[in-house]
1. Just for the stretch 145-185: of the residues that are of a type in the set (Lys, Arg) and in a helix (DSSP H, G or I), which one is farthest from PHE117 (Cα to Cα)?
2. Report the residue count in the stretch 43-77 for those that are at pLDDT below 90 and farther than 19 Å from SER199 by Cβ.
3. Please work out if ARG78 is basic (Lys, Arg), surrounded by 13 or more Cβ atoms within 10 Å (Cβ to Cβ) and touching a residue at least 24 places away in the same chain (Cβ under 8 Å).
4. Just the residues that are under 23 Å from LYS169 (Cβ atoms) and either among the aromatic types (Phe, Trp, Tyr) or over 15 Å from the mean Cα position of the chain (by Cα) (or both), please, taken from the stretch 5-34.
5. For the stretch 90-144, which residues satisfy the criterion of being outside any helix (DSSP H, G or I) and hydroxyl-bearing (Ser, Thr, Tyr)?
6. Do we find a residue being loosely packed, with under 11 Cβ neighbours inside 10 Å, of a type in the set (Gly, Ala, Ser) and touching a residue at least 40 places away in the same chain (Cβ under 8 Å) anywhere in the stretch 162-183?
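The values are calculated or read from the model by the stated rules, or taken from the named source; none is laboratory data. Not measured: the values here are computed from a predicted model. Using ideal geometry, Cβ is built from the backbone for each residue, glycine included, and neighbour counts are taken over all protein chains shown.
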Amino acid sequence: MRNLTAAHSKRVKLVIFLLALLPLLRLIERGVHDNLSANPLEFITRATGDWAMYFLCLTLLITPLRRLTQMNWLLRLRRLLGLYVFFYAVLHFLCFLWFDHFFDLEEIGKDILKRPFIAVGFTALVLLVPLVVTSTDRMMRQLGRWWGRLHRLIYVVALLAVLHFWWMKSGKNNLQEPMIIALVMILLLGSRLVFLWRSRRTPATVA
């Protein structure tokens, strides 16, 4: 099915919207039952960061999946998934502000400057802000071709997020998951280069 009716599209979006809340609801449920490991604050911080990364991968998956399947309706999910990237990234940052520094802005600033993996993660979060602000149909129309150029920042965000994730896990000598995420990102971003290369070769082949 390459396209969906408006009614079916709304239902699919609603299902995705509800499913994307499950990680947060699961955290709340585990907190209520005192099942957040020996270090609950660290567990919550890591979990929200992990899910921001997972939703970033899903967001970047939409374009190559749409090109491979010709299911154009998949593009309607990209904005929703992208907003959940920001949602969980903000929760992750709020955990850092609250649990690590109890909203002491001076100490937060020092920590961002002192520890590279925090600086990189914070930069990725800041770069997500203009993407969220301009994610509406109205902003897309107003920005025109500049909208697409602006939203290429998602690739920079992806690279910074992987670097943040890698440095953070390397501090605990746990690189298995960062290596998997890095490989997934390489495949997702590399697929775009392949599609670009093919699109540039097509006119010459036809001629």
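1. Here is the first cut: in the stretch 145-185, the residues of a type in the set (Lys, Arg) are 145, 149, 152, 169, 172.
Okay, now just the ones that are also in a helix (DSSP H, G or I), so 145, 149, 169.
On the way: ARG145: 33, ARG149: 27, LYS169: 10 Å.
The extreme case among them is ARG145.
2. Within the stretch 43-77, residues that are at pLDDT below 90 and farther than 19 Å from SER199 by Cβ number 2.
3. On the way: basic (Lys, Arg): yes; surrounded by 13 or more Cβ atoms within 10 Å (Cβ to Cβ): yes; touching a residue at least 24 places away in the same chain (Cβ under 8 Å): no.
No.
4. If we filter the stretch 5-34 for residues that are under 23 Å from LYS169 (Cβ atoms), which is where we start, we get 23-24, 26-27, 30.
Selection gives LEU24, ARG26, LEU27, ARG30.
5. Narrowing the stretch 90-144 to residues outside any helix (DSSP H, G or I): 101-104, 115, 134-136, 144.
Listed by number, the residues that qualify are THR134, SER135, THR136.
6. Yes, because at least one residue in the stretch 162-183 is loosely packed, with under 11 Cβ neighbours inside 10 Å, of a type in the set (Gly, Ala, Ser) and touching a residue at least 40 places away in the same chain (Cβ under 8 Å).
Here's the yes/no breakdown for (1) at pLDDT below 90; (2) over 22 Å from the mean Cα position of the chain (by Cα); (3) among the charged types (D, E, K, R):
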| residue | (1), (2), (3) |
| --- | --- |
| VAL133 | no, no, no |
| ILE154 | no, no, no |
| MET168 | yes, no, no |
| LYS172 | yes, yes, yes |
| LEU187 | no, no, no |
| THR205 | yes, yes, no |
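So that you can scan it fast, the table gives a plain yes or no per residue for (1) farther than 21 Å from LYS172 by Cβ; (2) over 13 Å from the mean Cα position of the chain (by Cα); (3) of a type outside the set (A, V, I, L, M, F, W, C):
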site	(1), (2), (3)
LEU81	yes, no, no
ASP100	no, yes, yes
GLY109	yes, yes, yes
PHE122	no, yes, no
VAL129	yes, no, no
